[in-house]
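The next block holds one structure in the form of structure tokens; read it before the comments.
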Amino acid sequence: MDEPTRTWTVDLDHELADGFSSMLNETHLTFRTRITTRDGWAKSGRATRTEFGDLTLVDFECGPSAGRRDAREIASSDEDYVVVLVNRFGRESVSQGGNVFTLTPGDVVVWDTSSPATFEVHDWYVKRSLFIPRRILEGTKQPYAARTGYTMERRAPGVQLFIDYVDILSRTGTRLEAGARENAGRAALELFLGAARPDLAVRDATEETGSALFAVVVRYIDQHLRDPDLSPEKVARIHHVSVRTINRLFAAVGETFTHHVRQRRLDCAYADVALSTESVGLISQRWSFADSSHFSRLFKEKFGRTPSAVRAEAS
């Protein structure tokens with residue numbers, strides 16, 4: 001089997017901006033970068049790049065940093081790409097074409113490598129980016145295919161399906177033969193085209209009302225993730241709605257209340273694992289997992305690595 005995947009790791013304490021810039025430029029495209037470290041945040045970075053035919057999937061982790069891509073950097077690139085960026089953890093601001101997108105976990109932005117762009121990572125950050133050659137999208141003859149500078153409606157079923165499929169590619173890419181990877185890349189392209197259809201973003205007034213309540217509920221959950229008694233019943237009582245309404249809100253986006261809370265607790269626990277020396281048992285207790293073994297199993301299912309492996313990479 002050929003080697004479809006390459007991995008980079010840098011220690012920003014020792015390699016500083018040169019190491020980070022090299023990692024970013026080799027896995028993404030040319031940027032002018034700077035490190036904006038803050039006390040208490042791990043000063044390291046990690047990237048994995050996997051080829052799926054003409055498409056490229058990049059998993060990237062880093063601490064606070066910033067970069068820009070202007071005419072000089074654009075001119076140095078051999079090909080233009082449309083990039084679908086999925087924020088998995090932390091906060092990043094992306095600016096392009098007069099639009100500024102502040103991304104939180106779960107947000108999806110589509111940007112263009114042929115136009116000037118800037119980014120700023122505000123804290124420990126984990127993202128996944130799918131690079132699609134612009135020539136391929138233009139060849140589909142779909143008028144919307146190559147448009148950029150917008151965020152996708154992450155609650156839309158088509159977008160959820162695309163994100164879930166890309167997650168699978170990240171976990172299984174190294175085990176696929178070259179032909180299977182090309183087929184997987186074509187499938188990812190078709191799912192992106194389906195998710196990017198403008199008509200799928202149209203919602204009626206009833207859906208907008210549900211979206212507003214859902215946003216309020218999700219915000220409340222994020223603020224109370226350490227509450228061991230967090231439940232649909234408690235959230236329904238706080239927001240003066242029925243438990244059935246809470247369950248319907250989550251069913252509308254293809255998940256359950258319990259699953260959403262578990263995934264968000266895992267996201268928060270990831271930062272504790274990577275950025276502290278606390279025991280895994282203490283972290284699992286803080287985020288209301290039954291025990292450290294149960295926590296470690298769920299952690300590996302979500303992030304593809306054990307807590308000890310993540311800590312070793314960040315140290």
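Charge dipole (Cα centre; +1 on Lys/Arg Cβ, -1 on Asp/Glu Cβ; no other charges) of segment 101-164 amounts to roughly 280 debye.
Using +1 on the beta carbon of Lys and Arg, -1 on that of Asp and Glu, and nothing else charged, what's the dipole of segment 94-246 about the Cα centre, debye to 20?
Numbers: 19 positive and 19 negative charges, 55 e Å.
Dipole of segment 94-246, to the nearest 20 debye: 260 debye.
In plain terms, the chain from Asn25 to Asp78 could stretch by 17.8 nm, reckoned as 0.36 nm per residue minus the Cα-Cα distance.
Under the combined filter of DSSP loop state and at most 14 neighbouring Cβ atoms within 10 Å, segment 57-164 retains these trypsin sites (Lys or Arg not before Pro): Lys141, Arg147. The C-alpha atoms of segment 221-315 occupy a region whose extents along the principal axes are 45, 23, 19 Å, arranged from largest to smallest. With a simple spin-label model that places each label point 7 Å from the Cα along the Cα-to-Cβ direction, the separation between Ala309 and Ser279 comes to 2.4 nm.
Since every read-out is calculated from the coordinates, none of them should be taken as a lab result. The shown structure was predicted, so the numbers you read here are calculated from the model rather than taken from an experiment. Cβ atoms come from the backbone with ideal geometry, glycine included; neighbour counts cover every protein chain shown.
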